[in-house]
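See below for the structure under consideration.
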Amino acid sequence: MLCRDCEDLFGVNESEFAREVFHPFAARLLLSANYGSWLRKFSASVCWRILESRPVDDPSGSLSGRWSQELASCRETWRLYLTGKRPDVGAHHLHLMPWNGVEDATDARLHAIGMSVNFTDDAAFVCAKLGPILLAGLIADPVPGLWRGTRINAEGKLKRCDRVVPDYFHAIVLRRATSWG
């Protein structure tokens, strides 16, 4: 899917994510962590690869057809950002949050990997479940201000705080949880 140079470039960000976020978080040791551009680059690379490789979960094609322009814009925006031809992700924000699972989740389900491209009547997003962490990449969101405490900026600090996600995201992720793991 990627050339060797891109694999090497993405690999640096993946290693930083694993060392600074994933392993400490999976071991329940992460209380807070400073991050640089590597976190947004890593998150964009995961979400972009999902868009490029996953079939869209829309059997009738009606919703993905409705969002085709936004899908194309998102793919191109993330691609340009990842290749250094764009300084940011524009309106296609990236979010990171802990995965607390569902009440009856087994340990295996909590640590499972899952990926999906999701559509509602009003929004479209990519979701990547990486064990105890959820990444969300917004393809289109009518009210991006509904997200609180989850957005990945160019640099910042991951910390324990109150997080708020839109109802549509929460409902889809909980529904998907039954197939992850």
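Any idea how many residues of the range 149-164 are of a type in the set (D, E, K, R) and under 14 Å from the mean Cα position of the chain (by Cα)?
1
Residue by residue through the range 26-42, note down the ones that are touching a strand residue (DSSP E or B) at 6+ places or on another chain (Cβ under 9 Å) and at pLDDT below 80.
Ala26, Leu30, Leu31, Ser32
How many residues are modelled with pLDDT of 95 or more, under 12 Å from Ser37 (Cα atoms) and within 15 Å of the chain's Cα centre (by Cα) when one looks only at the range 82-93?
The number of residues fulfilling the criteria is 1.
Confirm whether Gly114 is of a type in the set (Gly, Ala, Ser), assigned to a strand (DSSP E or B) and either modelled with pLDDT under 85 or surrounded by fewer than 18 Cβ atoms within 10 Å (Cβ to Cβ) (or both).
In short, yes.
When you look at Val102, is it assigned to a loop (DSSP other than H, G, I, E, B) and modelled with pLDDT of 85 or more, yes or no?
Judged against the criteria, Val102 is not a match.
Would it be correct to say that Gly137 is under 21 Å from Leu82 (Cβ atoms), at pLDDT 85 or above and not in a loop (DSSP other than H, G, I, E, B)?
Considered against the rule, which asks whether it is under 21 Å from Leu82 (Cβ atoms), at pLDDT 85 or above and not in a loop (DSSP other than H, G, I, E, B), Gly137 comes out as yes.
Could you please tell me which pairs satisfy a Cβ distance under 9 Å, a separation of 6+ or placement on different chains, a first residue in the range 137-163 that is within 18 Å of Val126 (Cα to Cα) and touching a residue at least 40 places away in the same chain (Cβ under 8 Å), and a second residue that is of a type in the set (S, T, N, Q) and surrounded by 15 or more Cβ atoms within 10 Å (Cβ to Cβ)?
Gly137/Ser43; Ile139/Ser73; Ile139/Asn118; Ala140/Ser73; Ile152/Ser43
The values are calculated or read from the model by the stated rules, or taken from the named source; none is laboratory data. Note that the coordinates shown come from a computational prediction; the quantities given were computed from them, not determined experimentally. In this analysis, Cβ positions are derived from the backbone assuming ideal geometry, glycine residues included, and neighbour counts consider all displayed protein chains.
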